[in-house]
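One structure is given below, encoded as structure tokens.
The values are calculated or read from the model by the stated rules, or taken from the named source; none is laboratory data. Worth saying up front: this structure is predicted, and the values here are computed from it rather than measured. As a convention, Cβ positions derive from the backbone with ideal geometry for all residues, glycine included, and neighbour counts pool all protein chains shown. These accessible areas exclude ligands, DNA and RNA; they are computed on the full protein's heavy atoms, side chains included. Shrake-Rupley method; radii C 1.70, N 1.55, O 1.52, S 1.80 Å.
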Amino acid sequence: MKALFIGGTGNISTACSKLCLDKGMELYLLNRGQRVRKELEGARILQADINDAEQVKAQLKSLHFDVVVNFIAFKPEEVQRDIDLFSGRCSQYLFISSATVYQKPPTQSIITESAPLRNPYWDYARDKIACEELLMKAYREQSFPVSIVRPSHTYETV
């Protein structure tokens, strides 16, 4: 499997990157190259600022990925950039969202995937909701291959 992680060296993504390498996956990390992690030797680094589309295109060339995972998209314009960059370049796009998107205050004691998305208290959550809505629209209208993950707990082992 050929995977591209946007970021790949942060709290959640370092552990995911290491696991991919341990499983023998062909892992590419698209980042600015400012963090070097010895445990991620074996990953192929595509050094570019994700916010500079021309830099990214120059690094991607004609590469196609089984999966592209974005750990660092927080705003709809960043997701739109990814839709534009990765349409036709990946078999699956994985968006790391957040459990903060679920309705606040909750109307049920158990949160399931069918719980409404609404959080009037936090811009971060509202932006993640807008990102999800944009991705689902791209799926419905353009068949953009998206999956959304909503972590509820993030921790780092030391």
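Observations, loosely collected:
- Count of residues meeting criterion [touching an Asp or Glu at 6+ places or on another chain (Cβ under 7 Å) and not charged (D, E, K, R)] in region 1-55: 4
- Candidate set: region 1-27, residues that are among the polar types (S, T, N, Q) and modelled with pLDDT under 90; chosen: the one farthest from Ile45 (Cα to Cα): Asn11
- Within region 43-59, restricting attention to residues that are under 18 Å from Ile83 (Cβ atoms) and hydrophobic (A, V, I, L, M, F, W, C), the residue that is most open to solvent (accessible area, probe 1.4 Å) is Ala53.
- Of all residues in region 1-42, those satisfying the criterion of being buried (at least 21 other Cβ atoms within 10 Å of the Cβ) and of a type in the set (Gly, Ala, Ser) are Ala3, Gly7, Gly8, Ser13, Ser17.
- Selected residue [open to solvent by 30 Å² or more (accessible area, probe 1.4 Å), of a type in the set (D, E, K, R) and touching a residue at least 40 places away in the same chain (Cβ under 8 Å)] from Glu141, Glu78: Glu78
- Contact map, region 40-67: first residue more than 24 Å from Asp22 (Cα to Cα), second residue open to solvent by 90 Å² or more (accessible area, probe 1.4 Å) and at pLDDT below 95, Cβ cut-off under 8 Å, separation 6 or more or different chains; pairs are Ala48/Arg32; Asp49/Arg32; Gln59/Gln47.
- With respect to (1) over 21 Å from Phe74 (Cβ atoms); (2) in contact (Cβ under 8 Å) with a residue 40 or more places away in the chain, the lone exception for Cys131 is condition (1).
Results for (1) of a type outside the set (Lys, Arg); (2) within 23 Å of Phe144 (Cα to Cα), shown as yes or no for each residue.
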site: Lys2; (1), (2): no, yes
site: Ile6; (1), (2): yes, yes
site: Ser17; (1), (2): yes, no
site: Leu21; (1), (2): yes, no
site: Gly24; (1), (2): yes, no
site: Ile45; (1), (2): yes, no
site: Glu54; (1), (2): yes, yes
site: Lys57; (1), (2): no, yes
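- Restricting the first member to region 96-113 and to residues that are without any contact (Cβ under 8 Å) to a residue 60 or more places away in the chain, and the second to residues that are open to solvent by less than 30 Å² (accessible area, probe 1.4 Å) and part of a loop (DSSP other than H, G, I, E, B), the beta-carbon pairs closer than 7 Å and six or more apart or on different chains are Thr100/Asn119; Val101/Asn119; Tyr102/Ala115; Gln103/Ala115; Lys104/Asn119; Gln108/Ala115.
- Sole residue being more than 15 Å from Met1 (Cα to Cα), crowded, with 19+ Cβ neighbours inside 10 Å and of a type outside the set (A, V, I, L, M), chosen from Ser87, Ser62, Ser97: Ser97
- Whether a residue is closer than 22 Å to Ser152 by Cα and out of contact with any helix residue (DSSP H, G or I) (no Cβ under 8 Å at 6 or more places or on another chain) was assessed, and Ile110 passes this test.
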